[in-house]
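To start, the structure itself, in structure tokens.
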Amino acid sequence: MINSEILKSEEYDFLRTDPHLGNRVIMLGLGGSLAYGTNVETSDIDLRGVALDRPEALLGFDQFEQLQVQEPDSVIYSFRKIVKLLLSCNPNCVEMLGLKPEHYLYIDDIGRELLANRSLFLSKRAIQTFGGFADAQLRRLQNALARDRMPQEEKEKHVLNSLRNAMHFVETEYADFDNGSIRLYTDRAVNPDLVSEVFMDVDLKHYPLRDYCDIWNALRSVVRDYNQLNKRNRKKDDAHLDKHAMHLLRLFMTGIDLLEQGEIITYREKEHDLLMDVRNGRYRTSDGLYSKEFYSILEGYETRYHEAAQHTRLPDEPDMEKVEAFVIGINRKALSR
């Protein structure tokens, strides 16, 4: 039974009444700032969880994947859906398997079995997902600031980092094609309105058009975001911007641990003071931008992340035979529950 004191309140009745949840729930834990250790007095309780698929989903036509509730902020995934997300190393889902023990508000034997087998889902796919999430966080942050007041060379450097993440680290993954190469770099600008800009050297022969289109679309998406109007989004106050900046660093920290140690460490105790300083606006300047010190810290984590990506011992891909055997075992238990 789901009997945590927090979950006994009426607002969490959906856990007991929804036909896809109830006794099919195997795990419920904290999400968001409370899970990361970066909460403040006004932080809400975010709930994340997993429920076994019903027989109707495993054998019939039931298409349930997740239940999302706005108030209180809660997302409960079906086991089948969480497996797919974990195999892609989705950061929001991977973090669910690295909570502090006391942050699991409910967990049964099958939930503990999932935790015990979390290494099955970890692979080099995390390089792209954690890097991509961090890149998206940076772009949201910079789009919310008056980027025309940022040093142009500094912005162009981050454009290049975003492009590399979008292409799954071009220099390591796409540097040597069988029939050519692609290289991205910054240099003195040709555009008279810029000091520096990103350039690319392309030499491709007999290259699959669809793959090229995928690369081009990824690059275009990044450039389009950076070329949007450089006006501050007034709907985002300083506190929200600082929260974005904090989560940007946190994603790199979590990703580095994952790549270097193969461990999921959601609660950032070691870096707590730094993250809270960022959240509390210590690294903001009088004109509302972020200080050189902040970007130096960010660059340090980006560099370490790229190095960890190059030397990680994580497998290229998950061992799907082992994953399948694990999933089949869990689903057999699901049918009898």
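A few points about this structure:
- Of the listed requirements (1) β-branched (Val, Ile, Thr); (2) out of contact with any helix residue (DSSP H, G or I) (no Cβ under 8 Å at 6 or more places or on another chain); (3) at pLDDT 85 or above, THR186 misses just one: (2).
- Filter result for the condition that a residue is over 23 Å from SER88 (Cβ atoms) and modelled with pLDDT under 70, over TYR174, TYR226: TYR226
- Cross-chain or 6+ apart pairs with Cβ under 9 Å, the stretch 205-218 first and within 20 Å of SER162 (Cβ to Cβ), then not in a helix (DSSP H, G or I): TYR212/LEU204; ILE215/MET167; ILE215/TYR174; ILE215/ILE182; ALA218/MET167; ALA218/HIS168
- Of all residues in the stretch 145-168, none satisfies being at pLDDT below 95, surrounded by 22 or more Cβ atoms within 10 Å (Cβ to Cβ), in contact with a Cys (Cβ under 8 Å, 6 or more places away or on another chain) and closer than 16 Å to LEU251 by Cα.
- Residue ranges of helices (runs of 4 or more DSSP H) in the stretch 231-337 with at least 1 members in the same structural domain as VAL25 (by TED's automatic domain parsing): 320-336
- Filtered residue count, the stretch 279-296, keeping only those that are buried (at least 17 other Cβ atoms within 10 Å of the Cβ) and either over 19 Å from the mean Cα position of the chain (by Cα) or aromatic (Phe, Trp, Tyr) (or both): 6
- Looking across LEU248, LEU335, one residue alone is aliphatic (A, V, I, L, M), over 26 Å from ALA35 (Cβ atoms) and modelled with pLDDT under 95. It is LEU335.
- Any hit, the stretch 29-41, residues being of a type in the set (A, V, I, L, M, F, W, C) and farther than 17 Å from TYR106 by Cβ: yes
The values are calculated or read from the model by the stated rules, or taken from the named source; none is laboratory data. Nothing here was measured: the structure is a model prediction, and the numbers come from that model. Positions of Cβ are backbone-derived with ideal geometry, glycine not excepted, and every protein chain shown enters the neighbour counts.
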